[in-house]
Amino acid sequence: MVQQIATSAGFRTLTSIERRPRGHLGFGGGVHGCLGAMVARMAVRILFEEWLPRIPEFTRVERDLAWVPSTTFRSPMSLRLGRG
């Protein structure tokens, strides 16, 4: 669908939305920008706009975090949160 919209809007696209994912969430930039980056940013903004009024105070459940083994990305394997 995104490819159809881009094509009908006059953008030349070589992106295949059926491609195999690489296992990371990198949005890139410039000519390597991700088509879904703006949708992901909007989803995160909406998540926090809805979540924070309901649970304004939260804490991290685990003191120490396990990190994704990568020299490129700094990301926790998981982030469990609790109320309070």
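The values are calculated or read from the model by the stated rules, or taken from the named source; none is laboratory data. Given the structure is predicted, the values throughout are model-derived calculations rather than measurements. Please note: Cβ atoms are built from the backbone with ideal geometry, for glycine as well, and neighbour counts cover all protein chains shown.
Some observations on this one:
For (1) modelled with pLDDT of 85 or more; (2) out of contact with any His (no Cβ under 9 Å at 6 or more places or on another chain); (3) surrounded by 10 or more Cβ atoms within 10 Å (Cβ to Cβ); (4) not polar (S, T, N, Q), each residue gets a yes or a no:
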| position | (1), (2), (3), (4) |
| --- | --- |
| G10 | no, yes, no, yes |
| L14 | no, yes, no, yes |
| R19 | no, yes, no, yes |
| G29 | no, yes, no, yes |
| G33 | no, yes, yes, yes |
| L47 | yes, yes, yes, yes |
| W51 | yes, yes, yes, yes |
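- Breaking point among (1) surrounded by 11 or more Cβ atoms within 10 Å (Cβ to Cβ); (2) under 30 Å from E18 (Cβ atoms); (3) basic (K, R), for R60: (2)
- Filter pass, L65 being surrounded by 10 or more Cβ atoms within 10 Å (Cβ to Cβ) and modelled with pLDDT under 75: no
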